[in-house]
Amino acid sequence: MRSTTCAATPRRWTSQPVHQIRRSPHRRAGRRRRCLAQHRPGPAGTGTWPYPDRRHYRPTLPGPARQHVLPAQRLCGLAQALRFPARTGADQAYVKGTIDGLYAISFGNNTFNLGFKAGSKIGDNPLPRYDLFQWGGFLQQSGYSTGQLLGENLQFARIVYYNKLVRQSLLEGVYAGMSLEAGRVGGPLVPGSPTGLLKSASIFLALDSPVGPLYLAYGRATAGVYSFYLFLGKPY
């Protein structure tokens, strides 16, 4: 009887093509059940399936936070000191320190935003030319061109006022505002650059567009320089 069983088994299976033997319905069903258990999780931490409330589970990733004209009503700041050794490409090691902060408060359609920023080299070694403080532009000493002021140290403060004019479903908000700014850029790279206390002011219209905050502004400094700005994004 043992020899009869061994002879009957190969006759039954060798009559089928090889690919049918390897992909039998039972094996395909078992593979499908394993895939469902791996890729369709049930309750947290179980990894099992099926559960009625998770049949249409789709993993999603968080997108970038959308920016708005008005700053958040909070106090925030950052202080850091960065050391760059000579082996990173600098001619000599140097340390650069910065500190900045923002505070916003709103009541009704009115918002005030106060901000400051300061930075300097730390130690005796000077900052390389490619890592000097670059300043100037809209709400960064308005009236000057963007990046016009270059120096080894920076002190800056400003106050910005926003008034909400219109609230719409598409644009979300339209604002009018103005700013008063004062700053100093020391150790200028270019001889003859503005030194001492710099005073500026600006007026602007802003809106929350689908692609981010959009500003149309005019800035003027007490030195007599002025600039017009079309700015997309969140200024400092």
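A full extension of the chain between Ala79 and Asn109 corresponds to an added length of 7.6 nm, given 0.36 nm per residue minus the alpha carbon distance. Taken along its principal axes, the alpha carbon cloud of the range 75-232 reaches lengths of 54, 33, 26 Å, longest axis first. Projected label points at Asp124 and Leu197, each 7 Å from Cα along the beta carbon direction, are separated by 3.4 nanometres. For a paramagnetic label modelled on Val190 (point 7 Å from Cα along Cα→Cβ), amide N atoms under 17 Å away belong, within the range 133-155, to 133-138, 141-153.
The slack in the chain from Ser145 to Leu180, taken as 0.36 nm per residue of separation less the alpha-carbon distance, amounts to 10.9 nm. Close amide H partners of Ile122, meaning residues 5 or more places away or on another chain with modelled amide H under 5 Å apart, are Val95, Lys96, Gly97.
FYI, it's all coordinate maths here, none of it is from the lab. Since we're looking at a predicted model, the values are computed, not measured. Neighbour counts are summed over all protein chains in view; Cβ atoms, including those assigned to glycine, are modelled from backbone coordinates with ideal geometry.
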